[in-house]
Amino acid sequence: MSTSASAGPQAPLRRPALERPRSCVIGGVSVALADHLGWPVTAVRWAFVGLTFLGGGGVLLYLWFWALTPLRAPSGDDPAEGVRRRVNVPWVLAGAGAVSGIAAVVLAGGERSARDSARSSHRRRCWWSRWPGSS
């Protein structure tokens, strides 16, 4: 019976630290997670998009990572202080808020208008019948 060569203890897989880069698109979360897991960045971004469409979990997870993942130490042409983003984040958030608000108004407006028109016609009849002297 033959034995395999050197079945001794192996060194654990060494992953890079989960740290966001200082030069990023929005928050650097996808790059940090892709570096840490060894996945392509586009796969991580699509995972966030997919989780967002499956109940909104992608947005919450992204914001959670953004808030709790530390920044990398500055190196090379990274800014020494703060973060350099390729996208103007306040405008992206304002646009997303506007689209969400419009969608909420449109989706709630159709349901409410049919229901409220029936209630308002009932209120008008009741309101007129309550006046003294009305017959």
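The values are calculated or read from the model by the stated rules, or taken from the named source; none is laboratory data. These figures come from a predicted structure and were not determined experimentally. As a convention, Cβ positions derive from the backbone with ideal geometry for all residues, glycine included, and neighbour counts pool all protein chains shown. Surface accessibility is based on the protein's heavy atoms, side chains included, excluding ligands, DNA and RNA. Shrake-Rupley method; radii C 1.70, N 1.55, O 1.52, S 1.80 Å.
May I ask for the distance between the Cα centers of region 18-40 and region 43-62, given as a whole number of Å?
Distance between centres, Cα-based: 15 Å.
Heavy atoms of the protein only, probe of 1.4 Å, neighbouring chains included. What is the accessible area of TRP39 in Å², nearest 10?
Around 140 Å² of this residue is reachable by solvent.
Taking R0 as 30 Å, what's the FRET efficiency between LEU51 and ASP78 from their Cβ-Cβ distance, rounded to 0.05?
On the way: r = 29 Å, r/R0 = 0.96.
Once the sixth-power term is evaluated, E becomes 0.55.
In nm, give the distance between the simple-model label positions of ASN88 and ILE102, each being 7 Å from the Cα along the Cα-to-Cβ direction.
Distance between label points: 1.8 nm.
Considering amide H positions built from the backbone, and no H for Pro or chain starts, which residues 5 or more places from VAL25, or on another chain, come under 5 Å of its amide H?
So VAL25 has HN proximity to ARG86.
Mind ranking 31-37, 12-18, 48-54 by how tightly packed they are, going by the mean number of other C-beta atoms within 10 angstrom, highest first? Intermediate results must be reported in sequence, preceding the final value.
Numbers: 31-37: 18.6, 12-18: 9.0, 48-54: 12.9.
Top to bottom by mean Cβ count within 10 Å: 31-37, 48-54, 12-18.
For region 1-98, what does the equivalent ellipsoid look like in terms of its semi-axes, each the square root of 5 times an eigenvalue of the Cα gyration tensor, given largest first in whole Å? Display every interim value, and only then the final one.
Details: eigenvalues 242, 78, 19 Å².
Sorted largest first and rounded, they come to 35, 20, 10 Å.
Check ARG20: other-chain or 5+ apart residues with amide H under 5 Å from its amide H, H built from backbone geometry?
LEU71, ARG72
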